[in-house]
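The values are calculated or read from the model by the stated rules, or taken from the named source; none is laboratory data. Quantities reported herein were computed from a predicted structural model and do not represent experimental measurements. Neighbour counts run over all protein chains shown; Cβ positions are idealised from the backbone, glycine included. Note: areas computed on protein heavy atoms with side chains; ligands, DNA, RNA excluded. Shrake-Rupley method; radii C 1.70, N 1.55, O 1.52, S 1.80 Å.
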Amino acid sequence: MDQKQSTLRLPAEKLYAHELEALRASDKGERPEGWQLSPRAVLTFIIGGEAGGTAITPKYIGNRRIVEIAIATLLTDRALLLIGEPGTAKSWLSENLTAAIHGDSSKVIQGTAGTSEEQIRYSWNYAMLLANGPSNEAIVKSPIYRAMETGGIARFEEISRCASEVQDALISILSEKTITVPELGSEVPANRGFSIIATANTRDRGVNDMSAALKRRFNIVVLPAPADLDTEIDIVRKRVSEIAANYRLGEALPTEAAVHKVVTIFRELRAGMTLDGKEKIKQPSGAISTAEAISLLVNSMALASSFGGGSVSDEDLAAGLLGAVVKDDGKDDAVWKEYLENVMKKRGSEWRGLYNACRELSS
């Protein structure tokens, strides 16, 4: 069976393999040591374009200069830290940059409160360790360890979710570009091309703040929320179409009007103000992000294709909106009902169906 048909989620290097191959074939630029594409070809892969007659779809819709800075950082000896609000495509950009540069985005550490220093450096196969003592064969290599050996890029997702002492295990790695294995009396030097792309959520500030010493080892790039309504609609429409194709929900793609309404609601609740700037709105407690809007629409498509008439209805959207906005029943329920009555209800016949469906669910 075709892997694209059987795999739930393909890594970027496999999902866009035909685009990467076209870029490699047509790339005339100088490729840094360890890179499979020149910096300009990597940029084309991320922002979209054309390569030898093959259309390259944009992976990141936003400020081109931000992407250029990120790529340039990975040419130097500094690591890259992408920070931003939830839903600003930090992980998506990290994955696609790694896929374009090295063709392998799988070396990932997912930061959590339970992430340990061993997951950053190395651990041991204890059966082999007890049987034969410390040896290279007994080492369980972390994604960073493997990236250093191959001159690749390791991804560190949600770095600020890790305890500060775990984060600081990176300082010597990023400074010295080696991992010391005292049990073997050896060091593992990084090959050319090695780097780390980390991501951090601005909503996690104060959870485990990064030390100044660690921040100095990174070039920090801030990914802003979509600047305007049309940009956010483009992002949502593109990702929804891609996910729909993967889940085979294409026949239930939402209409332009449905996407416009969902993005409008999210932008207003996020900003605490109607788009025309005439009315202040209470903000819900949760993150009303672009990623949430995408998930909402995909779930609405699944409802429509499985239990509805095949096309996304106001009732399908309403079910997703309630769950996306009302995270804390005590506060958010009142915020949502106030938005329905003070904003959505007044928007006329075009919004009437969605208002009625939301109000019925919220009553």
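Looking only at residues of region 50-72 that are touching a residue at least 40 places away in the same chain (Cβ under 8 Å) and closer than 18 Å to P224 by Cα, we find that the one that is surrounded by the most Cβ atoms within 10 Å (Cβ to Cβ) is K59.
Tallying residues that are in contact with a Leu (Cβ under 8 Å, 6 or more places away or on another chain) and surrounded by fewer than 21 Cβ atoms within 10 Å (Cβ to Cβ) within region 224-242 yields 2. In region 159-170, the residues that are closer than 16 Å to I144 by Cα reach residues that are among the hydroxyl-bearing types (S, T, Y) and part of a helix (DSSP H, G or I) with C-beta atoms within less than 8 angstrom, at least six apart or across chains, in these pairs: Q167/S160. Consider region 200-251 and keep the residues that are at pLDDT below 90 and acidic (D, E). The one that is farthest from the chain's Cα centre (by Cα) is E251.
Do we find that V236 is within 13 Å of G87 (Cα to Cα) and not in a loop (DSSP other than H, G, I, E, B) in this structure? For V236, the condition - within 13 Å of G87 (Cα to Cα) and not in a loop (DSSP other than H, G, I, E, B) - is met. How about region 292-313: which of its residues are crowded, with 19+ Cβ neighbours inside 10 Å and assigned to a helix (DSSP H, G or I)? Selection gives E292, A293, I294, L296, L297, V298, S300, M301, A304, S305.
Among (1) more than 24 Å from I83 (Cβ to Cβ); (2) modelled with pLDDT under 95; (3) not charged (D, E, K, R), there is one condition A113 misses while meeting the rest; what is its number? Exception for A113: condition (1).
Whenever a residue of region 223-251 is touching a residue at least 24 places away in the same chain (Cβ under 8 Å), its partners that are part of a helix (DSSP H, G or I) and open to solvent by 60 Å² or more (accessible area, probe 1.4 Å), lying with C-beta atoms within less than 7 angstrom and at least six residues away or across chains, give the pairs I233/H260. Taking region 43-72 only, how many residues are touching a Pro at 6+ places or on another chain (Cβ under 8 Å), under 25 Å from E30 (Cα atoms) and part of a loop (DSSP other than H, G, I, E, B)? Selection size over region 43-72: 2. Within region 82-192, which helices (runs of 4 or more DSSP H) (wholly inside it) include 2 or more residues that are more than 28 Å from V222 (Cα to Cα)? The helices (runs of 4 or more DSSP H) meeting that bar are 126-132, 143-150. All told, L317 falls short of being touching a Cys at 6+ places or on another chain (Cβ under 7 Å), assigned by TED's automatic domain parsing to the domain that holds A252 and in contact (Cβ under 8 Å) with a residue 12 or more places away in the chain. Filtered by the rule that a residue be open to solvent by 30 Å² or more (accessible area, probe 1.4 Å) and closer than 22 Å to I61 by Cβ, region 15-49 gives L15, A17, H18, P39, R40, T44, I47, G49.
Among the conditions (1) in contact (Cβ under 8 Å) with a residue 60 or more places away in the chain; (2) in a loop (DSSP other than H, G, I, E, B), the only one that L75 does not satisfy is (1). Going residue by residue through region 270-279, is there one that turns out to be within 30 Å of E341 (Cβ to Cβ), surrounded by fewer than 20 Cβ atoms within 10 Å (Cβ to Cβ) and at pLDDT below 90? Among the residues of region 270-279, not one is within 30 Å of E341 (Cβ to Cβ), surrounded by fewer than 20 Cβ atoms within 10 Å (Cβ to Cβ) and at pLDDT below 90, which makes the answer no. Within region 319-356, being at pLDDT below 95 and either of a type in the set (G, A, S) or in contact with a strand residue (DSSP E or B) (Cβ under 8 Å, 6 or more places away or on another chain) (or both) holds for A319, G320, G323, A324, G330, A334, G348, S349.
Scan region 99-111 and tell me whether some residue there is assigned by TED's automatic domain parsing to the domain that holds W35, more than 14 Å from the chain's Cα centre (by Cα), over 26 Å from H18 (Cα atoms) and among the β-branched types (V, I, T). Within region 99-111, not a single residue is assigned by TED's automatic domain parsing to the domain that holds W35, more than 14 Å from the chain's Cα centre (by Cα), over 26 Å from H18 (Cα atoms) and among the β-branched types (V, I, T). Can you name the residue in region 180-222 that is without any contact (Cβ under 8 Å) to a residue 40 or more places away in the chain and of a type in the set (S, T, N, Q) and is also least open to solvent (accessible area, probe 1.4 Å) among such residues? Filtering first and then ranking leaves S186.
Quick check on region 132-155. Is at least one of its residues polar (S, T, N, Q) and closer than 22 Å to E85 by Cα? Among the residues of region 132-155, not one is polar (S, T, N, Q) and closer than 22 Å to E85 by Cα, which makes the answer no.
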